[in-house]
Each structure stands twice: as C-alpha cells, then as structure tokens.
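Written out below as structure tokens is the structure these notes cover.
The values are calculated or read from the model by the stated rules, or taken from the named source; none is laboratory data. The structure displayed is predicted, hence computed values, not measured ones. All Cβ positions, even for glycine, are placed from backbone atoms using ideal geometry, and neighbour counts span all protein chains on display.
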C-alpha cells in the first residue's frame, strides 16, 4: 500500500477540509499530506493509520519507504546539478552568461 493510498483511506470519502476540522488541524496542512507534497508528523501519522484501519507499524514502514524514495530523487537531482556545475567550470573558467 502506498502513502497516498493510506491518506485516501484515512479521509474516508470526506473532503480535506472536513477531515481537517475533525482531526483538529489546519486544512492547508492536511491538503499538503493529501497531495503528497509533505509527510505528516508522528502524531498525525498515527491518527491517519487509525483512520485508515492499519497498524502504526505499517504506517511507519510506508512513511519510511516514501521518505527513502524522496531522498533518492533528491540525490539524483543533486548529482545532476553537480554535473552541471562541473561543466560550467570547464578549464577552470566559468561560462559567461
């Protein structure tokens, strides 16, 4: 099960706004979780696990996998950026704009 699938289960068909009110959190914060642009803190992750009907352990495993996936993407972007910087400094002279 993916992180976004768990979020969808936890929402139980409610809008993000309705769930945020019931969970006592800001709508914008839950919106970021629902879109996958941000991962929840521990307390919210546990609440989402309960709402989704999964164990806290399963939620932790899914969050760890999601974070590892995201870090892998960041490392790839970082490597590409480093390559571009090396290319820009060919022969010790920066390329002019």
**Request:** Pick out the one residue from 63, 9, 39 that is at pLDDT 95 or above and part of a helix (DSSP H, G or I).
**Result:** 9
**Item:** Scan of the stretch 9-54 for residues that are under 24 Å from residue 71 (Cβ atoms) and loosely packed, with under 14 Cβ neighbours inside 10 Å, ordered by number
**Value:** 35, 36, 37, 38, 41, 42, 43
